[in-house]
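The values are calculated or read from the model by the stated rules, or taken from the named source; none is laboratory data. Predicted model, so just to flag it, every value in this text is computed and none were measured. Areas reflect the complete protein model, heavy atoms only, side chains present, ligands, DNA and RNA absent. Shrake-Rupley method; radii C 1.70, N 1.55, O 1.52, S 1.80 Å.
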Amino acid sequence: MEIDKIEPIPMGQANEIMTKRNKSGELGYEQKLALEHLQKFTKLDAKKSGKLVEELNAVIRMSPETLAQIVNILPKNPDEVRMVFAREKFSLKEEEVNTILETVKKYL
């Protein structure tokens, strides 16, 4: 298997990709373990996670890594949002945190 590109994606999209590859018999042992993990812990399917990514990106600009983490975690309170943004070099305003929470709440 050859690596085409490396980019952070939500778990829902990763689950869809890995499931398709599993059906064609392309997965090794470690990849099958990763697929099991994705199947257990993915909260949104690929379609919904893609829509959430688009909505969040339209509301607030953030790095692809942070965006993927927000979609994976689906934070329910301001502290969870701030923890995801803790590694960033900026802090969010209260209204931005609330906007993220409101957007995520639509998908819960």
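Using a Gaussian network for the chain with springs between C-alpha atoms less than 10 Å apart, which of these wobbles most: 51, 23, 40?
Evaluated over the chain, the most mobile residue of the options is 23.
For the chain, what percent of Cα pairs sit more than 26 Å apart?
24 percent
State the percent of C-alpha pairs, over all pairs in the stretch 1-58, separated by a distance greater than 13 angstrom.
Cα-Cα pairs of the stretch 1-58 separated by over 13 Å account for 64 percent.
Leaving out ligands, DNA and RNA, what percent of the accessible area of the chain is carbon and sulfur, probe 1.4 Å?
Looking at the chain in its full context, I get 51 percent from C and S.
Taking θ = phi - 60°, what integer Hz values does the Karplus form 6.51 cos²θ - 1.76 cosθ + 1.60 yield along the stretch 37-54, in sequence order, with x for Gly and Pro?
Karplus-based 3J(HN,Hα) across the stretch 37-54 equals 4, 4, 5, 7, 10, 6, 8, 10, 6, 4, 5, 5, 5, x, 5, 5, 4, 4 Hz.
Per residue, how much accessible area does the stretch 13-107 have with a 1.4 Å probe, in Å²?
It amounts to 66 Å² per residue over the stretch 13-107.
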